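Here it is: the structure, laid out below.
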Amino acid sequence: LRKIGVMTSGGDSPGMNAAIRAVVRACAYYHIDCVGYYRGFQGMINGESVELNARSVRNIINLGGTILQSARSKEFMTEEGRSRAAENLKKDEVDAMILIGGDGTFRGGLALSEEHGIQVMGVPGTIDNDIYGTNYTIGYDTALNTVVEAIDKIRDTASSHNRLFFVEVMGRDAGFIALTSGIGAGAEEILIPEENLGLERLLNSLEHSRRAGKTSSIVVVSEGDKIGKNVFELADYVRENLPYYDARVTVLGHIQRGGRPSCFDRVLASRLSVKAVELLLDGQKNLMVGLINNDIESCSLEKALKGKHTINKDLLRISEILST
Ligand code: F6P
């Protein structure tokens, strides 16, 4: 193995730079060349690459976003796009690719491997935490801290005005961000796609809170929840049915994807990425590295894509107890 390529793809997440840095530095440590591709698969298709050495990644461990930028490439979904990407990798004499991203990234990597024999190694990076084969993905912890900080601020104004706030958080089809940040921020109710508690139950719970003497409340709503109303409709519905509630909506949106990575995410990114390089050096391919019970493990990319990372339902029970 003489040269490894690295790229970040899909939605960016805080800690991706720490991951790039660790790949590049591990390559330097083991005397392998390293090349970065810009904007994920799209940069591979366009041949936008940059040679990276240990000094190219100085002063980035603390930065959010990704210095290699990211994209969701439509062109790569086509066979022709993938062929062009593979040709460029061959031209650049890249022996293996480290792909930092989520499930879309890994699906693309597997296609590249199956159709063109490129060796790939996945490093899970997404704020959603929705990847099987790892307890945590890079960026999730930072996103949680961003959400909790935002909700703490919302709580100040909610309690000053005796208001009910619906706070929508990201997570695509998974409720990890909502569930964990909801507990961390002391939310009244948490709505996640994995558990549809229903509108009736929400109304009952809010009514009960009112009777129990609560004057303000926060409901965390995962963007993918299955209650059948978007967060604005939900607020309208509660206003109509429980008119004493002065309800407001805050959609946190993309601020959840930015910011300085937490120490946890930097260390996670560093450990996973060094391991990714070492596994390639060891002749392994088409794996994803992950953190399982604080050890760095690996599983096949197929398994990572087929498996489902499930939420810890006990957290729902805890949340219910604590919002009494
Ligand atoms: O996967 C990360 C994520 O931020 C999801 O939580 C969200 O649903 C999606 O990406 C948003 O994507 P985009 O930035 O393309 O709007």
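Read-outs throughout are calculated quantities, based only on the coordinates presented, and are distinct from any laboratory measurement. Since the model is a prediction, treat every value here as computed from it, not as a measurement. Methodologically, a virtual Cβ is constructed for each residue, glycine included, from the backbone with ideal geometry; neighbour enumeration extends over all protein chains shown.
Could you give me the residue pairs with C-beta distances under 8 Å whose first residue belongs to the stretch 91-108 and is within 17 Å of Leu301 (Cβ to Cβ) and in contact (Cβ under 8 Å) with a residue 24 or more places away in the chain, whose second residue is part of a loop (DSSP other than H, G, I, E, B) and more than 16 Å from the ligand (Cβ to nearest atom) wherever it lies, and which are 6+ apart or on separate chains?
Ala96/Leu1; Ala96/Ile118; Ala96/Lys285; Met97/Ile118
Condition first: of a type in the set (Ser, Thr, Tyr), touching a residue at least 60 places away in the same chain (Cβ under 8 Å) and either more than 16 Å from the ligand (Cβ to nearest atom) or part of a loop (DSSP other than H, G, I, E, B) (or both). Now tell me which residues in the stretch 1-36 satisfy that.
Of all residues in the stretch 1-36, those of a type in the set (Ser, Thr, Tyr) come to 8-9, 13, 29-30.
When the remaining residues are screened for being touching a residue at least 60 places away in the same chain (Cβ under 8 Å), the result is 8-9, 13, 30.
Ser9, Ser13, Tyr30 - these are the residues of the stretch 1-36 that are of a type in the set (Ser, Thr, Tyr), touching a residue at least 60 places away in the same chain (Cβ under 8 Å) and either more than 16 Å from the ligand (Cβ to nearest atom) or part of a loop (DSSP other than H, G, I, E, B) (or both).
Restricting attention to the stretch 217-236, and to residues there that are surrounded by 16 or more Cβ atoms within 10 Å (Cβ to Cβ) and under 21 Å from the mean Cα position of the chain (by Cα), which single residue is nearest to the ligand (Cβ to nearest atom)?
Glu223
Could you please give the count of residues in the stretch 44-60 that are assigned to a loop (DSSP other than H, G, I, E, B) and buried (at least 18 other Cβ atoms within 10 Å of the Cβ)?
Count: 0.
Filter the stretch 237-261 down to residues that are charged (D, E, K, R) and within 16 Å of the ligand (Cβ to nearest atom), then give me how many there are.
Within the stretch 237-261, residues that are charged (D, E, K, R) and within 16 Å of the ligand (Cβ to nearest atom) number 1.
Quick one: which of Arg239, Arg257, Arg248 is surrounded by 17 or more Cβ atoms within 10 Å (Cβ to Cβ) and of a type in the set (Lys, Arg)?
Arg257
Moving to a separate point now. Leu202 - would you say it is part of a helix (DSSP H, G or I) and farther than 30 Å from Val24 by Cα?
yes
Restricting the first residue to the stretch 63-81 and requiring it to be more than 13 Å from Gly43 (Cα to Cα) and touching a residue at least 12 places away in the same chain (Cβ under 8 Å), which pairs with a second residue that is within 16 Å of the ligand (Cβ to nearest atom) and of a type in the set (A, V, I, L, M, F, W, C) meet a Cβ separation below 7 Å and a spacing of at least six or different chains?
Matching pairs, first to second residue: Thr66/Met16.
For residues in the stretch 71-84 being assigned to a loop (DSSP other than H, G, I, E, B) and either of a type in the set (S, T, N, Q) or away from the ligand (no atom under 16 Å from the Cβ) (or both), which is nearest to the chain's Cα centre (by Cα)?
Among them, the one singled out is Ser73.
Do we find that Leu280 is closer than 20 Å to Ser13 by Cα and either away from the ligand (no atom under 16 Å from the Cβ) or without any contact (Cβ under 8 Å) to a residue 40 or more places away in the chain (or both) in this structure? Give the steps one after another, and end with the answer.
Working: closer than 20 Å to Ser13 by Cα: no; either away from the ligand (no atom under 16 Å from the Cβ) or without any contact (Cβ under 8 Å) to a residue 40 or more places away in the chain (or both): yes.
No.
Just checking, does the stretch 151-165 include any residue being touching a helix residue (DSSP H, G or I) at 6+ places or on another chain (Cβ under 8 Å), without any contact (Cβ under 8 Å) to a residue 60 or more places away in the chain and of a type outside the set (Ser, Thr, Tyr)?
Looking for residues that are touching a helix residue (DSSP H, G or I) at 6+ places or on another chain (Cβ under 8 Å), without any contact (Cβ under 8 Å) to a residue 60 or more places away in the chain and of a type outside the set (Ser, Thr, Tyr), one finds none in the stretch 151-165, hence no.
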